[in-house]
Amino acid sequence: MILTIFSGLILALFCVPFGNQINKKLSNFLFLIPLSGFIYFLLQLPLILAGQTKSVRYEWVPTFGINLDFYLDGLSLLFSLLITGIGTLIFLYAAAYLKGKQYLSRFYGYLGLFMTAMLGLVSSNNIILLFVFWELTSISSFFLIGFDNENEEAQKSALTALTITGGGGLLLLGGVILMSNIAETYSIKAMIFSAEELKHHSWYGFILLSVFAGAFTKSAQFPFHFWLPNAMKAPTPVSAYLHSATMVKAGIYLLARFTPILGNTELWNNSLMFIGGITMLYAAFHSLFRVDMKGILAYSTISALGILVFLLGIGTRDAYIAASVFILVHALYKATLFLVTGTVDYAAGTRDVRALSGLRKALFPIAIAGTIAALSSAGMPLFYGFIGKELVYEATTHSMSLNSTFLTIAAILTNIFIGYSGLLVGIKPFTGKLNEEHLTVRLPGWKLWLPPLLLSLLCLVFGCFPGITSGLMAYVGAAIAGKHFSVDLKIWHGVNTVFILSMITLAGTAFIYFSRRISNRELIILSTFNKLSPAYIIKKMTDALQVFAKKFTNTMHNGYLRNYTLTIVLFMVGVLSYKLIIGTPVFIDWHHLSPVSFYEITVAVLMLGAIFLSAITKSRLTALVALSVVGYAICLLYVMYGAPDLAMTQFAIDTLTVVLFVLVLFKLPPFLNFTNTKIKLRDGLISTAFGLIIGWIALMVLNESVDKEVSPYYAENVYKLAKGKNVVNVILVDFRGFDTMFEIVVLAMASIGVYSLLKVKVKKSERE
């Protein structure tokens, strides 16, 4: 299991040394990696259907209870099958769609990394591990969205997506830490037993806010939805994989997974219904006014995600079943429509639905795939979308939390608009008369039409035989609800209220599709309301922040090291002064201090004289000699106070410093006078104040009682716990392990930076 989860990461690592081979031929075989994962998870299906689960656990940071703890149940299995199954087709599709593109190996590396991140996210049982994979999805999607790194719009879109999802992830971190502290465990399964404690805790509101922030930003809920349409600048395989089937549903997965822990409260349910309801109606309405096929699909995707949040908010058995089925329904038809869009764009050179028609003869397999997916999105009987739509109406009509009529009307309007979007993308380009500019359009290779065709056929197969998915959906719903219940999906339930609502939806969808024509006047009118959109408001706030940051940077970061040092010292003087004068009573017992000897006074006077000389001299050599005197005087103080090892170290460093300065002294440019008497006086006063404060603190410390329990602890445990005899080395390496770890991280980052600079190939024009 762990090998399957990290297979994408392994692929990403191999993309570095075998990049050239991947760019040439190996890209055609990389689909075997997600395919093997899909087969593995498919083999786990009998286990899940038998009511069992699968767990694996490897120690990672056992001291803190953070381990590689993975757990497979119905919910995680459904997402794993989607990630690997659709991932297989995306890998195959991308091999043809991006053939000949520069940095193709990087693309597959990012795609593999994203697959690992998503698989780890949906299978993590450790909440900290879940957050690690959560952030990894944001990072890998950043690289995928901005893959066309020479495109400025792609760069902005990638940064926007990273900023929004990263900000939500930061708040999510606070929530998961609070949850783990209250429940006293990092295990998500174990947290279920602490659900009541979490719900009645005083921090429950903040926990919900943090979880909602992470989930809403990742799943593009209002008002954080605008990053998703912008992310359509990414290549079509990325849009089909990330923004329809996987990444955007990570937020849905998080809400579903935490429902047994935090859900079924009035605050939880009402918040999800409110945000989900606004999102699905707002985005569905906006999809009516888009002409770019990917733009249409982007807003219909946001609307579908709103439906899922809406269903989780209703919080009934029917709602959980509807959400479980709709996750699969939406993934199948939306991924298909994205791939259809990519192939149409690849063959016809445009995604504008107004300029596309009559492509059915040239792109017949694509026309079939698009038609099936469109009918599924519209909820036509015998298609899987029909099953999903009926379940949504069952959830709204049977809801007792709010007015069921209002919920049903909102669902009907949303489904009509989503269905219209599906028909516009999946059917409109293939019907009617073929445009003259597209007479030369030919069907591309099988890799560009087989993946969407296979996905669309699943919409038809599951629609005709919905019982195939009943067993899995029962355990998906059980994972969300926290209790098991049966699910029996059927094509026909008779003529009832739900069936009538489905027919009303189909009629509304057909009416809008056949009667509506998008005009430029509508687009102009809609553009006048852009100033009221969340994207515009946040953009203006961002621009204002950038102006402030620029002014602040120009003021504080002017390139002079002395200004930086002055700012730091002034801040420390202010803070320490406040703490000494106001926060802490100032008391020094002068009787307990050691007497000052003649030698110490002599060394101190020598140091002060050398410091004063280095400040007033106009000779570099004199200043250097004076500073060396200060260093050697410190060596004498170390010797006087019984620290010969420190004295030797200080002597060696000071000597080496003086030698190096002397070597480069005469190679420096002419001495420039950047100061005057006022500046010297200012710096002298600040330095004196800082020195007095530090000295005062040192005197206060000497009056404090000495805790002698620490030293014996290290002396007793240095060999037993760390297997070392040198106390100092053991403290640095073992007892200060995190310090050493982060030092290694800094060195590794510096090494990577140096390596990247060495590998940069500069063009001849850039050398001059």
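A DSSP coil position with no more than 16 other Cβ atoms inside 10 Å describes the following chymotrypsin sites (Phe, Trp or Tyr not before Pro) in the stretch 612-673: TYR641, PHE666, PHE671. The Kirkwood radius of the stretch 175-301, taken over pairs of alpha-carbon atoms, gives through the Stokes-Einstein law at 20 °C and 1.002 mPa s a diffusion coefficient of 136 µm² s⁻¹. Ordered by the number of other Cβ atoms lying within 10 Å of each residue's own Cβ, fewest first, MET280, MET556 fall into the sequence MET556, MET280.
In summary, the lysines within cross-link reach of LYS680, defined as a Cα separation below 18 angstrom excluding same-chain residues under 8 places away, comprise LYS618. Rg ratio for the stretch 36-131: its Cα radius of gyration over 2.2 N^0.38 Å, N being its residue count, equals 1.27. Along the stretch 229-240 the Karplus relation, 6.51 cos²θ - 1.76 cosθ + 1.60 evaluated at θ = phi - 60°, assigns HN-Hα couplings of x, 5, 5, 5, 5, 5, x, 4, x, 5, 4, 5 Hz to successive residues, with x for each Gly and Pro. Scoring 127-140, 22-35 by mean Cβ neighbours within 10 Å over their residues and listing the highest first yields 127-140, 22-35. Both radii were evaluated on the Cα set of the stretch 392-462; the Rg over Rh quotient, with Rh as the Kirkwood radius, amounts to 1.20.
Hey, with R₀ at 22 Å, roughly what FRET efficiency would GLU709 and MET572 work out to, going by the Cβ-Cβ distance, to 0.05? So, using R0 = 22 Å, E works out to roughly 0.15. How large is the charge dipole for the chain, taken about the Cα centre, if only the Cβ atoms of Lys, Arg (+1) and Asp, Glu (-1) carry charge, to the nearest 20 debye? Here the chain has a charge dipole of around 2560 debye.
Recomputing Cα extents along the principal axes in Å from the coordinates shown identifies the correct label among (1) 106, 64, 50; (2) 84, 58, 49; (3) 79, 67, 48 as (1). Geometric descriptor of the stretch 264-518, per residue, is 111 Å³ (volume of the convex hull of the Cα atoms). Highest-first packing order for the peptide set 328-341, 303-316 is 328-341, 303-316, based on the mean count of other beta carbon atoms within 10 Å.
Sorted ascending by nearby beta carbons within 10 Å, beginning with the fewest, ASP148, ASP739 become ASP739, ASP148. P(r) for the stretch 319-444, from all Cα pairs and a bin width of 5 Å, is 2, 12, 20, 20, 14, 11, 9, 7, 4, 2, 1, 0 %, short bins first.
Over the residues of the chain, the helix contribution to mean residue ellipticity at 222 nm works out to -22500 deg cm²/dmol, using -39500 (n - 2.57) for each DSSP H run of at least 4. Amide H to amide H distances under 5 Å link MET380 with PHE386, where only residues 5 or more positions off or on other chains count and H is placed in the peptide plane.
Placing unit charges on C-beta atoms (Lys and Arg positive, Asp and Glu negative, everything else neutral), compute the dipole magnitude of the stretch 263-402 about its Cα centre in debye, rounded to 20.
Using only the charged Cβ atoms, the result is roughly 460 debye.
No value in this document is a laboratory result; all are computed from the given coordinates. Keep in mind that this is a model prediction, so the values were computed, not measured. Because the Cβ atoms are built from the backbone with ideal geometry, glycine has one as well, and the counts that use them run over all protein chains shown.
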